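What follows is a single structure, written as structure tokens, with notes after it.
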Amino acid sequence: MNRIVNAREAAIVVINKVLREKAYSNIALKQLLEQSSLSRVDKALVTEIVNGTLKNLIKLDYIASQFVKMNKKLDNHIEDILRTGIYQIMYLNRIPDSAVCNESSNLARKYSNEGAVKFVNGVLRNVSRSKENIQFPDKNKQPVLYLSVVDSHPEWIVEKWLSDFGFEFTEQLLNANNQVPSFTIRVNQLKTNKEKLAKILEQEGIEYCDGIYNKEALYIKGTSAIESKPSFQQGYYQIQDESSMLAGHVLNPEPGDLIIDICSAPGGKATHAAELMDNKGKIIARDVFEHKLQLIQQSCKRLGITIVETEIFNAKELDYKLVGKADKVLLDAPCSGLGVLRRKPDLKWKKAPDNFEELARLQQQIISKAAEYVKPQGVLLYSTCTINKSENINVVEAFLKSREDFYLEDISQLLPKHLESSTKDKGYVEIYPNIHGIDGFFIARLRRR
């Protein structure tokens, strides 16, 4: 980390890890920021450049292609220096283009040679002079290519959503994926309340406002290191998006319940359920990796939760000793994650269309096992953080065809009245970033007869 001298260099280091070493952007970015000595302002700039570049990767490469010969093979670092430079020129108006060109040239000198310096400087200055006149694909003649380039999503995702949702909805969805999501925390009502926490946040210099749907949700800003704050360390809140909180309310856990969280890590829903149960009852939180279970244990200790027991267990297998024992079973299934692209933009470049059939088979396998744990009159909640119907309602409908002893239960009274949905009374809700302003999500509540 000592060799990283500024925010722009830090950004290309993270981007290189994400695109070439398959690192996850949120993890790579967090690790670098924690280990660096950059100022708070520079850390914010690193975050903006990394996330902005990854969100707009196709568009940035399309712009670059108008100024670079297509047959020119670029060094990885030079390619990323160009991408981040073009992003700053096109999107960060507060930074002079001349400064972007100079800083990018300095990076090229550090990572390559004088020829690369002249090349980077020439390309970026040409982009700067021509940025108001850059031509993009024709919206009417090439709708897939147009949306793919302008909103920077792979063509296969564009084609899929055009088929599922139509042009107007898809365009809005793609655009929403490129917006900066709110940073959301869940007030831990076992230790405090929203009013008391608000005063603590003010003392820590953290800005806040109420969430849209959940009474325990707060949107915050004004900090780049929330986990270092005393308020976090003392367990007054948990980081969690509102769509994930909604799953907790649809589960509707009650004090004294026995709940099995099938795929629990990192434990956001399990800890939320414990808080809603007033820390009374029992939650068995399972995962296949010990290090992930440790994350749940750490959160529970910090939040003051004592009713969560963690266990290593493979959700594809059946635990016979718990068959028919649970009041409620929570299955937040492994999924493609297409609902959280605004929060994890690198997922766009790591997914492939052939993932879906395999995922759907896995989800069907797990839900069939999860159902066995539900006692008569008990509840099975199925959720994902994707908006892909083959992983959502199609999985639920296939399950219901095989299990006549389960049915979808009206969830209208468990969701906020102002949450827009035409399917609440049918037992499930589809949440979209462009409609609801929170992460894309799917939640279905099934009752056993």
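Scanning the range 419-444 for residues that are charged (D, E, K, R) and not in a helix (DSSP H, G or I), we see that the one that is modelled with the lowest pLDDT is GLU420.
Every residue in the range 177-194 that is outside any strand (DSSP E or B) and more than 13 Å from the chain's Cα centre (by Cα), please. Of everything in the range 177-194, those that are outside any strand (DSSP E or B) and more than 13 Å from the chain's Cα centre (by Cα) turn out to be ASN188, GLN189, LEU190, LYS191, THR192, ASN193, LYS194. Residues of the range 224-241 that are part of a helix (DSSP H, G or I) and either in the same structural domain as LEU414 (by TED's automatic domain parsing) or aliphatic (A, V, I, L, M) (or both): ILE226 alone. For the range 209-223, the condition holds for no residue, the condition being that it is in a helix (DSSP H, G or I), in contact (Cβ under 8 Å) with a residue 24 or more places away in the chain and not assigned by TED's automatic domain parsing to the domain that holds ASP61.
Counting the residues of the range 208-237 that are touching a strand residue (DSSP E or B) at 6+ places or on another chain (Cβ under 8 Å) and more than 21 Å from ASP439 (Cβ to Cβ) gives 3. Only one of the listed residues (LEU19, LEU33, LEU54) is in the same structural domain as ASN102 (by TED's automatic domain parsing), touching an Asp or Glu at 6+ places or on another chain (Cβ under 6 Å) and of a type outside the set (Asp, Glu). That residue is LEU54.
Can you name the residue in the range 389-418 that is polar (S, T, N, Q) and modelled with pLDDT of 95 or more and, of all such residues, is surrounded by the most Cβ atoms within 10 Å (Cβ to Cβ)? Looking at residues that are polar (S, T, N, Q) and modelled with pLDDT of 95 or more, I get ASN392. Please work out if GLY378 is closer than 30 Å to ASN51 by Cβ, small (Gly, Ala, Ser) and either crowded, with 18+ Cβ neighbours inside 10 Å or out of contact with any Phe, Trp or Tyr (no Cβ under 8 Å at 6 or more places or on another chain) (or both). No.
Among the conditions (1) under 30 Å from GLN179 (Cβ atoms); (2) at pLDDT 95 or above; (3) over 29 Å from the mean Cα position of the chain (by Cα), SER105 misses just one, which is (1). For first residues located in the range 68-90 and in the same structural domain as VAL18 (by TED's automatic domain parsing), partners that are at pLDDT 95 or above and among the hydroxyl-bearing types (Ser, Thr, Tyr) and lie 6+ apart or on another chain with Cβ distances below 7 Å form the pairs ILE81/SER104; ARG83/THR53; THR84/THR53; GLY85/SER104; TYR87/THR53; ILE89/SER128. If you go through the range 378-410 and keep only what is touching a Gly at 6+ places or on another chain (Cβ under 7 Å) and farther than 25 Å from SER163 by Cα, you end up with LEU408, GLU409, ASP410. For the range 399-412, filtered to residues that are under 27 Å from the mean Cα position of the chain (by Cα) and assigned to a helix (DSSP H, G or I), the residue that is nearest to LEU347 (Cα to Cα) is PHE399. Applying a threshold of 9 Å to beta carbon distances and a minimum spacing of six or more residues, or different chains, the list of pairs starting in the range 426-449 at a residue that is at positive phi and ending at one that is part of a strand (DSSP E or B) reads GLY427/TYR407; GLY427/LEU408; GLY427/ALA444; GLY427/ARG445; GLY427/LEU446; GLY427/ARG447.
On inspection, SER152 fails the criterion of being in a helix (DSSP H, G or I) and either outside the structural domain of TYR432 (by TED's automatic domain parsing) or not β-branched (Val, Ile, Thr) (or both). Of everything in the range 162-174 that is in contact with a helix residue (DSSP H, G or I) (Cβ under 7 Å, 6 or more places away or on another chain) and touching a residue at least 60 places away in the same chain (Cβ under 8 Å), the residue that is farthest from LEU218 (Cα to Cα) is ASP164.
The values are calculated or read from the model by the stated rules, or taken from the named source; none is laboratory data. This one's a predicted model, so the numbers in the text were calculated from it and none came from an experiment. Don't worry about glycine lacking a Cβ; one is built from the backbone with ideal geometry, like all the others, and counts go over all protein chains shown.
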